[in-house]
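In what follows, a single structure is set out as structure tokens and then discussed.
None of the figures in this text is laboratory data; all of them are computed from the coordinates on show. No experiment lies behind these values; they were computed from the predicted model shown. In this analysis, Cβ positions are derived from the backbone assuming ideal geometry, glycine residues included, and neighbour counts consider all displayed protein chains.
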Amino acid sequence: QVQLVESGGGLVQAGVSLRLSCAASGRTFSSYSMGWFRQAPGKEREFVAFISWRGDSTYYADSVKGRFTISRDDPKSTVYLQMNSLKPEDTAVYYCAARAYSAYETRSALYTYWGQGTQVTVSS
């Protein structure tokens with residue numbers, strides 16, 4: 001089992017930056033690829049960013065390319081999502097997720113472990 005806990009969300013003005021953290025425990029963190037997803041009110045959960053087991057491959061949704069950066073720190077068992085130039089449409093609950101496969105994956109149903117989510121609200 002892997003437990004994931006997100007933190008770092010909050011209420012911010014459009015155009016500012018925010019960094020989300022996801023702390024993992026239970027299994028060897030380096031054995032899992034990680035993803036960030038988000039869910040806005042009335043919408044389905046959508047893919048945001050992906051990072052591979054070794055952190056050498058990353059992928060992003062078109063809506064966040066050039067603004068968001070995913071990274072991982074294995075000694076600290078933590079994955080991050082640096083969010084710059086935030087927009088009101090970025091408002092959502094953000095979740096981190098893990099899966100024990102290295103291949104790039106954007107479908108939420110294919111991730112095994114999930115955190116509880118952290119709220120990000122961006123005002124205009």
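What to note about this one:
- Straight-distance candidates among the aspartates and glutamates for linking to Lys76, with alpha-carbon spacing under 19 Å and chain neighbours fewer than 8 residues away dropped: Glu6, Asp56.
- Each Lys and Arg adds +1 at its Cβ and each Asp and Glu adds -1 at its Cβ; summed about the Cα centre, the chain shows a dipole of about 80 debye.
- HN-Hα J in Hz across region 32-41 - Karplus 6.51, -1.76, 1.60, θ = phi - 60°, x for Gly and Pro: 10, 7, 10, x, 10, 10, 9, 9, 8, x
- Spin-label model, Thr121 to Ala103: label points 7 Å out along the Cα-to-beta-carbon direction sit 4.0 nm apart.
- Dipole of region 21-101, positive end: most advanced residue of Gly42, Ser52, Ser85 [Cβ charges, Cα centre]: Ser52
- Restricting the trypsin sites (Lys or Arg not before Pro) of region 23-124 to loop positions (DSSP other than H, G, I, E, B) with no more than 13 neighbouring Cβ atoms within 10 Å leaves Lys43, Arg54, Lys65, Arg107.
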